[in-house]
Amino acid sequence: MKGFLVLEDGTIFEGEAFGASREVLGEVVFATGMTGYQESLTDPSYCGQILVSSYPLIGNYGVNSQDDQSSKVQAWGYVVKERCESPSHRLCKRTIHQFLKDDDVPGLSGVDTRALIMHLRNHGTMKGGITAEDPSEFVERVRAFEHPENTNLVAEVSAKKIVRFNEGKGKTVAVFDCGVKRNIILELRERFNVIQMPFDTPAETVRDLGPDGLFVTNGPGNPAHPDILSSTVAALSKLKDELPIMGICLGNQLLALTFGARTYKLKFGHRGINQPVKFEDRVYITSQNHGFAVDPESAEDAGLEVCFTNLNDGTVEGMRHNELPVFSVQFHPEAHPGPQDTEFLFDRFKKMLEET
């Protein structure tokens, strides 16, 4: 069945519908990874977004039962150049079409994704929608649609209750779950006892849990959303002087806000598995998925040292506090998908707790 991707500026891309047979509205973003579509689609940070893959063939190794980063497909829609209907891999359980259909997520294939991504790169990410109806009439619905960032997307993907993972380790870490990827929890469980908490857990509850450190996860949406400032950031502001803290992605931005720095939206964000980051005179290739960044000057004024830098555009990729045992990164050291070059940062966090 013919389908269309309609952007808020009136640009229309034609393709063939697959996955769930329904319309969807969201923010249209692109990612540059050649592999890892299953992990990306199930990453809670894509909640609220219609994901476009730059790699032209998607689904060639199918979908397995091991690589999901959450309990379902989190992206609201998916746009590709070509989808593979006959995948080949020993672990394959479903096609990409079946994967999206099972989780009620619409997709669109046969799209000129090169032209689409160049358009988004030049004009920035924007609202859009997938439809099988007349696209010229659909554009007004896209424009009238409230941007997903104006809602509390974190509340949609965060844990609903406190969950404990007692691994018999020496230290315990309390995790503010803002939309955590499965592999972050696995990396932490290898090193700590883990208490996974809803994003809006009050500081008093955290103290009662008695952790040795705090961890702030990735997640979707605007870090400066009022609901996040009044919950996660408010709790961190009360706890920042009491415990060692590490943050990843959205966690990096929330820690910046906690100490008084500012965040801003990037034109088209960093989404992919090949972003070069400089740290301690070395360059690491990293996995990234974010649309916001920390303002470097405000970070310095807030007592934060920018120690990780993106070599493509010079944006802040991580920081540490000048006095407190607090550090965070904008990229994903847990990978999945992407390189595992910076996995050692979890060990640094472990050492920080042992020395505190």
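Would you mind finding the one in 65, 54 that is in the same structural domain as residue 120 (by TED's automatic domain parsing) and either among the hydrophobic types (A, V, I, L, M, F, W, C) or closer than 30 Å to residue 137 by Cβ (or both)?
Unique residue meeting the criteria: 54.
Being within 19 Å of the chain's Cα centre (by Cα) and closer than 19 Å to residue 85 by Cα narrows it down to one residue among 40, 53, 21; which is it?
Only one candidate qualifies: 53.
Can you pull out every residue in segment 248-263 that is in a loop (DSSP other than H, G, I, E, B) and either surrounded by fewer than 24 Cβ atoms within 10 Å (Cβ to Cβ) or outside the structural domain of residue 287 (by TED's automatic domain parsing) (or both)?
In the first step, residues of segment 248-263 are kept if they are in a loop (DSSP other than H, G, I, E, B); the result is 249, 259-262.
Scanning segment 248-263 gives 259, 260, 261, 262.
Rundown of residues vs (1) touching a Phe, Trp or Tyr at 6+ places or on another chain (Cβ under 9 Å); (2) among the small types (Gly, Ala, Ser); (3) not assigned by TED's automatic domain parsing to the domain that holds residue 246, yes/no style:
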{"position": "290", "(1), (2), (3)": "yes, no, no"}
{"position": "295", "(1), (2), (3)": "yes, no, no"}
{"position": "298", "(1), (2), (3)": "no, yes, no"}
{"position": "301", "(1), (2), (3)": "no, no, no"}
{"position": "316", "(1), (2), (3)": "yes, no, no"}
{"position": "332", "(1), (2), (3)": "no, no, no"}
{"position": "335", "(1), (2), (3)": "no, yes, no"}
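Going through segment 85-126 one residue at a time, which ones are within 19 Å of residue 14 (Cβ to Cβ) and free of Cβ contacts under 8 Å to residues at least 12 places away in the same chain?
Residue satisfying the conditions is 118 alone.
How many residues, within segment 320-344, are under 18 Å from the mean Cα position of the chain (by Cα) and surrounded by 18 or more Cβ atoms within 10 Å (Cβ to Cβ)?
So the answer is 12.
Among the residues of segment 304-313, is there at least one that is buried (at least 18 other Cβ atoms within 10 Å of the Cβ), closer than 26 Å to residue 41 by Cβ and touching a strand residue (DSSP E or B) at 6+ places or on another chain (Cβ under 8 Å)?
Yes - at least one qualifying residue is present in segment 304-313.
If residue 283 satisfies every condition in (1) under 14 Å from residue 248 (Cα atoms); (2) of a type in the set (A, V, I, L, M); (3) more than 18 Å from the chain's Cα centre (by Cα) but one, which is the exception?
Every listed condition holds for residue 283 apart from (1).
Considering each of 292, 279 in turn, give the residue that is touching a residue at least 12 places away in the same chain (Cβ under 8 Å) and over 19 Å from residue 44 (Cβ atoms).
Result of the check over 292, 279: 279.
Quick one: which strands (runs of 3 or more DSSP E) lie wholly within segment 1-66 and hold at least 2 residues that are of a type in the set (Phe, Trp, Tyr) and modelled with pLDDT of 95 or more?
On the way: elements: 2-7, 12-19, 24-31, 49-53.
Here the list reads 12-19.
If residue 140 passes every condition in (1) without any contact (Cβ under 8 Å) to a residue 60 or more places away in the chain; (2) surrounded by fewer than 17 Cβ atoms within 10 Å (Cβ to Cβ); (3) within 17 Å of residue 73 (Cα to Cα) but one, which one does it miss?
The number of the failed condition is (3).
From the set of residues in segment 145-168 that are free of Cβ contacts under 8 Å to residues at least 60 places away in the same chain and crowded, with 17+ Cβ neighbours inside 10 Å, which is farthest from residue 71 (Cα to Cα)?
165
Take segment 191-204 and flag every residue that is surrounded by fewer than 16 Cβ atoms within 10 Å (Cβ to Cβ) and in contact (Cβ under 8 Å) with a residue 12 or more places away in the chain.
Taking segment 191-204 as the starting set, the residues that turn out to be surrounded by fewer than 16 Cβ atoms within 10 Å (Cβ to Cβ) are 202-204.
Scanning segment 191-204 gives 202, 203.
Out of all the residues in segment 23-38, which are more than 14 Å from residue 75 (Cα to Cα) and of a type in the set (Val, Ile, Thr)?
Across segment 23-38, the qualifying residues are 32, 35.
The values are calculated or read from the model by the stated rules, or taken from the named source; none is laboratory data. The shown structure was predicted, so the numbers you read here are calculated from the model rather than taken from an experiment. Every residue, glycine among them, receives a Cβ derived from its backbone with ideal geometry; neighbour counts consider all protein chains shown.
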